[in-house]
Amino acid sequence: MSVLEVVRRIHVYNQWADEQMLQAMDGLANEDLAREAPVAFGSLRGSLWHHLGAQLGWLGICAGYDTWSKLNVSDSSSVGGLRELFDGSHRMWREFTESLSEEGVLAPAELPIDEPFRQSAGAELVAWADEHGHRPRRPLWQSMLHVVNHSTQHRAEVGMYLQTLGRSPGDLDYGTFEEYRAIGRNVAGWG
C-alpha cells in the first residue's frame, strides 16, 4: 500500500469515526451541547467546534484554499447543524485526497507561523523558529495524518462523556473500522 493509499484510508476512517460520534449524539438538545462538560473547551459544542475547526484549518493549509467559505453554515448550534458542517469538511477532505498524487503527499509543505501556530506550539519551538527564521516544513502526508490523530483525541474525550450520558459511540478503533470494511459494511460511503 502506498503512502497515498494510507492517507486516503485514514481519512475514510476519520469520517466514519466522526459519523459514529455524531450518531451517538442524535436527540441531544442544543442546551445539552452547550452545557458545561468535562471535555476540552468546556462543552460538547466547544469541543466539536475545535475538532471541526482543526480539520478545516489543516485542510486549508494542505490544500491552499479557504475552507470555511465553501461551507453553508445555516445552523451551528444543533447536532444536525454540526453534522452538516462535518459532512462538508469530510466532503472537502475526500475531494482533496482524491486529487492528490503519490508525489504530492510526499512533497514538503511549509507550515505558517501565524497566531494559531504560536498559540498551539511549544514556546521553545516558536522561539527557535523566530531566532533562526525557520519555517516548519514536513511532507504533506504528516500534516494529513496529524489531522486524524488530533480528531481521535477529541473524539475520545467526547465519547467518554457521551458514555456517562448512556450514549456511547461504540468502538471507534481503527481496527474495528477495518473489520467492518472486511465484512463489506459501508463505512463513510468511501471505497
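If the condition is being of a type in the set (D, E, K, R) and assigned to a helix (DSSP H, G or I), then the range 49-104 contributes 70, 83, 84, 87, 91, 94, 95, 98, 102, 103.
Output yes when any residue across the range 36-48 is more than 26 Å from residue 186 (Cα to Cα) and out of contact with any helix residue (DSSP H, G or I) (no Cβ under 7 Å at 6 or more places or on another chain), and no when none is.
Yes.
For residue 67, the conditions (1) surrounded by 15 or more Cβ atoms within 10 Å (Cβ to Cβ); (2) modelled with pLDDT of 90 or more; (3) not hydrophobic (A, V, I, L, M, F, W, C) all hold with the exception of (2).
Of the residues that sit in the range 9-26 and are surrounded by fewer than 21 Cβ atoms within 10 Å (Cβ to Cβ) and among the charged types (D, E, K, R), which one is nearest to the chain's Cα centre (by Cα)? Going through the qualifying residues, I end up with 19.
Checked across the range 172-180, the condition of being at pLDDT 90 or above and among the small types (Gly, Ala, Ser) holds for at least one residue.
Taking into account only those residues within the range 79-99 that are in contact (Cβ under 8 Å) with a residue 40 or more places away in the chain and surrounded by 15 or more Cβ atoms within 10 Å (Cβ to Cβ), which is nearest to residue 30 (Cα to Cα)? Before the answer, list the steps.
Of the range 79-99, the ones in contact (Cβ under 8 Å) with a residue 40 or more places away in the chain are 79, 82-83, 86, 90, 93-94, 97-98.
Filter again for surrounded by 15 or more Cβ atoms within 10 Å (Cβ to Cβ), leaving 79, 82-83, 86, 90, 93-94, 97.
Values: 79: 7, 82: 11, 83: 13, 86: 17, 90: 23, 93: 27, 94: 29, 97: 33 Å.
Looking at the filtered set, the residue picked out is 79.
Residues of the range 27-48 that are assigned to a loop (DSSP other than H, G, I, E, B), among the small types (Gly, Ala, Ser), surrounded by fewer than 15 Cβ atoms within 10 Å (Cβ to Cβ) and in contact (Cβ under 8 Å) with a residue 40 or more places away in the chain: 27 alone. Any idea which residue in the range 39-50 is nearest to residue 105 (Cα to Cα), counting only those that are touching an Asp or Glu at 6+ places or on another chain (Cβ under 8 Å) and not hydroxyl-bearing (Ser, Thr, Tyr)? The extreme case among them is 40.
Residue-level analysis places residue 120 among those that are closer than 23 Å to residue 48 by Cα, at pLDDT below 90, hydroxyl-bearing (Ser, Thr, Tyr) and under 17 Å from the mean Cα position of the chain (by Cα).
The values are calculated or read from the model by the stated rules, or taken from the named source; none is laboratory data. Given the structure is predicted, the values throughout are model-derived calculations rather than measurements. When we count neighbours, we look across all protein chains shown, and the Cβ atoms used for this are built from the backbone with ideal geometry, even at glycine.
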